[in-house]
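The values are calculated or read from the model by the stated rules, or taken from the named source; none is laboratory data. No experiment lies behind these values; they were computed from the predicted model shown. So basically every Cβ, Gly included, is an ideal-geometry build from the backbone, and we count neighbours across all protein chains shown.
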Amino acid sequence: MAAILVLVHPSDLFRNRHFMVTGLFDHWMAAGHRVLVHEGTTGLPDADIALLHVDTTIVPEAYLDALRRYPIVLNQATGDISKRRISEQLVGPDESYAGPVIVKTNANAGGVPEWLHQEVARASGRPMGPAVHPMLARYPVFASSSEVPVEMRRDPELVVERFLPERDEHGYYARHWIFFGPAERCNRVRGAEPVVKGADIEERIAVPVPDELRAWRKRLGFDYGKFDFVIHEGKPVLLDVNRTPAAPANLSDALRAGNAELAKGIDAFLGA
């Protein structure tokens, strides 16, 4: 049986938040594995396999270096998940686009992880590092790039993307692909707003994963995580990637059962 290290940052507040990976721990331990959650890069324990689970858009280099000591490292290549790295629908600050556009933070999850890290550092008296990224609770949609305020277009911490929604007469859709190695689940959710968030979901159904998404995953080096995408005019559009997906505070029976299957994905890396 294996010792599984989950490497986190002290400012992630890992034990106080609902991360999806914690729903896999009981299944791993039931299979005879040991789970070691470690904060920071000093005093690292021995382990057979390590998972990078730092909740920031760009992982500090010290964490990537620290993981090199382990024989198997998951998500080692996911050190930068910024929109400028993963998006294929960016509109430059001086570029004109007549169709609808959406403004997002370059940082993942609306910039909230970076804000949290800075707040935790402030409260503990540690150095806070660079100024916090702007946060956006909702990503605004504009009729064209010319309607985006110039300060937003030129803010280096924001990005403008072509807005390519999946929608019909019933509403807007988003697709969420969650995977751990070969284990996976993919759902399409529906909501009334252009950006479908958890609280707004009106319907959830299982859907297949397009081959294009698998190619994106391979190119971005993800072993575990969550990809958000839509199908726009018959073509997949990748919206977001996440190495530290969150879990609902109150899991449904279906999602709880899905965690048991997702946890088995680690076997592929252990040669089981």
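Applying the selection to the range 131-159, what residues are assigned to a helix (DSSP H, G or I) and within 23 Å of the chain's Cα centre (by Cα)?
Residues of the range 131-159 assigned to a helix (DSSP H, G or I): 145-147, 150-153.
Selection gives nothing.
Residue by residue, here is whether (1) within 30 Å of Ala143 (Cβ to Cβ); (2) in contact with an Asp or Glu (Cβ under 8 Å, 6 or more places away or on another chain) holds:
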| position | (1), (2) |
| --- | --- |
| His18 | no, no |
| Gly40 | no, no |
| Thr56 | no, yes |
| Tyr63 | no, no |
| Val73 | no, no |
| Leu90 | yes, yes |
| Pro93 | yes, no |
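Assess whether Ala109 counts as being in a loop (DSSP other than H, G, I, E, B) and either surrounded by fewer than 18 Cβ atoms within 10 Å (Cβ to Cβ) or at pLDDT below 95 (or both). So Ala109 fails the test.
Among residues of the range 41-57 that are over 18 Å from Arg15 (Cβ atoms), those with a beta-carbon under 7 Å from a residue that is part of a strand (DSSP E or B) and of a type in the set (Gly, Ala, Ser) at least six positions away or on a different chain give the pairs Asp46/Ala3; Ala47/Ala3; Asp48/Ala3.
Every residue, every condition in (1) of a type in the set (Lys, Arg); (2) within 17 Å of Leu270 (Cα to Cα); (3) touching a strand residue (DSSP E or B) at 6+ places or on another chain (Cβ under 8 Å); (4) without any contact (Cβ under 8 Å) to a residue 12 or more places away in the chain, yes or no:
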| site | (1), (2), (3), (4) |
| --- | --- |
| Ile4 | no, yes, yes, no |
| Val21 | no, no, yes, no |
| Asp26 | no, no, no, yes |
| Arg34 | yes, yes, yes, no |
| Val59 | no, no, yes, no |
| Pro71 | no, yes, yes, no |
| Leu74 | no, yes, yes, no |
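Quick check: anything in the range 107-115 more than 24 Å from Arg219 (Cα to Cα) and aromatic (Phe, Trp, Tyr)? Among the residues of the range 107-115, at least one is more than 24 Å from Arg219 (Cα to Cα) and aromatic (Phe, Trp, Tyr), which makes the answer yes.
Just to check your reading of the model, which residue among Leu44, Leu36 is touching a Pro at 6+ places or on another chain (Cβ under 9 Å), surrounded by fewer than 21 Cβ atoms within 10 Å (Cβ to Cβ) and farther than 14 Å from Ala246 by Cβ? Let's see the steps before the verdict.
Numbers: Leu44 fails: touching a Pro at 6+ places or on another chain (Cβ under 9 Å).
None of the others qualify; the one that does is Leu36.
If the condition is being surrounded by fewer than 20 Cβ atoms within 10 Å (Cβ to Cβ), among the aliphatic types (A, V, I, L, M) and in contact with a helix residue (DSSP H, G or I) (Cβ under 8 Å, 6 or more places away or on another chain), then the range 1-30 contributes only Leu13.
Search the range 178-196 for residues being in contact (Cβ under 8 Å) with a residue 24 or more places away in the chain and of a type in the set (D, E, K, R), and hand back the single one that is surrounded by the most Cβ atoms within 10 Å (Cβ to Cβ).
If we filter the range 178-196 for residues that are in contact (Cβ under 8 Å) with a residue 24 or more places away in the chain, which is where we start, we get 178-185, 194-196.
Filter once more, so that each one left must be of a type in the set (D, E, K, R): 184-185.
Details: Glu184: 16, Arg185: 18.
Residue satisfying both the conditions and the ranking: Arg185.
In summary, strands (runs of 3 or more DSSP E) completely within the range 160-272 and bearing 2 or more residues that are within 21 Å of Leu90 (Cα to Cα) and either of a type outside the set (Lys, Arg) or under 20 Å from the mean Cα position of the chain (by Cα) (or both) occur at 171-180, 224-232, 235-242.
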